[in-house]
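S.K.: Handing you a structure now.
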Amino acid sequence: THWKHGGIVGVFGYGGGVIGRYCDQPEKFPGVAHFHTVRVAQPSGKYYSADYLRQLCDIWDLRGSGLTNMHGSTGDIVLLGTQAPHLEEIFFELTHNLNTDLGGSGSNLRTHESCLGMSGCYFACYTSPPACYELTMDYCPELHR
């Protein structure tokens, strides 16, 4: 393809969550010369409010291409297509305004996921979202650094 992986492109202090993408013919396609992918960590059980999704889309419309993939292969929300100068701004808005984090993208550890647990499954014997939250807090440094 005309896309090449750009290695680590990210925000200060994070080694994961952003996948660097570059076009191999930037002179022909300057609008997509840089088309980085941002992974956004999902909440346990993948419960979203309409307000959260609206705010996320507003951030992405302002600082990205507007293309999204809900729950790519890592389980994260995948935001396709932004340029490096926007990454710190996106990260600030995610962490300070939406109280969320970048998703994991390391080859050894991916973002944790859980089922809906007792909130959505009659047969559940365990409340899995809190357990997923605890595991995420425990292993979060491994996801990003």
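The values are calculated or read from the model by the stated rules, or taken from the named source; none is laboratory data. Nothing here was measured: the structure is a model prediction, and the numbers come from that model. Quick reminder, even Gly has a Cβ in these numbers, built from the backbone with ideal geometry, and neighbours come from all protein chains shown. For the accessible areas, the whole protein counts, side chains as well, though only heavy atoms, and no ligand, DNA or RNA atoms are used. Shrake-Rupley method; radii C 1.70, N 1.55, O 1.52, S 1.80 Å.
S.K.: Report every pair of residues separated by at least 6 positions or lying on different chains whose Cβ atoms are under 6 Å apart, first residue within region 1-29 and open to solvent by 90 Å² or more (accessible area, probe 1.4 Å), second modelled with pLDDT of 70 or more and of a type in the set (D, E, K, R).
M.R.: Cβ pairs passing all conditions: H2/D24; W3/R21; K4/D24.
S.K.: Ok, one more. For Y48, indicate whether it is under 21 Å from S114 (Cα atoms) and in a loop (DSSP other than H, G, I, E, B).
M.R.: Yes; evaluated as a whole, the condition is true for this residue.
S.K.: Another one. Within region 68-98, work out how many residues are buried (at least 18 other Cβ atoms within 10 Å of the Cβ), out of contact with any helix residue (DSSP H, G or I) (no Cβ under 9 Å at 6 or more places or on another chain) and part of a helix (DSSP H, G or I).
M.R.: Number satisfying all stated conditions: 1.
S.K.: Related question: Filter region 35-45 down to residues that are modelled with pLDDT of 85 or more, of a type outside the set (D, E, K, R) and outside any loop (DSSP other than H, G, I, E, B) and give me whichever is surrounded by the most Cβ atoms within 10 Å (Cβ to Cβ).
M.R.: The selected residue is V38.
S.K.: Something else: Which of the residues belonging to region 47-62 are within 22 Å of C23 (Cα to Cα) and open to solvent by 60 Å² or more (accessible area, probe 1.4 Å)?
M.R.: D61, L62
S.K.: Identify, by number, the condition in (1) open to solvent by less than 60 Å² (accessible area, probe 1.4 Å); (2) over 13 Å from the mean Cα position of the chain (by Cα); (3) at pLDDT below 90 that S65 doesn't meet.
M.R.: Failing condition for S65: (3).
S.K.: Just one of the numbered conditions (1) in contact with a strand residue (DSSP E or B) (Cβ under 6 Å, 6 or more places away or on another chain); (2) farther than 21 Å from P129 by Cα; (3) of a type outside the set (S, T, N, Q) is not true of E93; which one?
M.R.: Of the numbered conditions (1) in contact with a strand residue (DSSP E or B) (Cβ under 6 Å, 6 or more places away or on another chain); (2) farther than 21 Å from P129 by Cα; (3) of a type outside the set (S, T, N, Q), the odd one out for E93 is (1).
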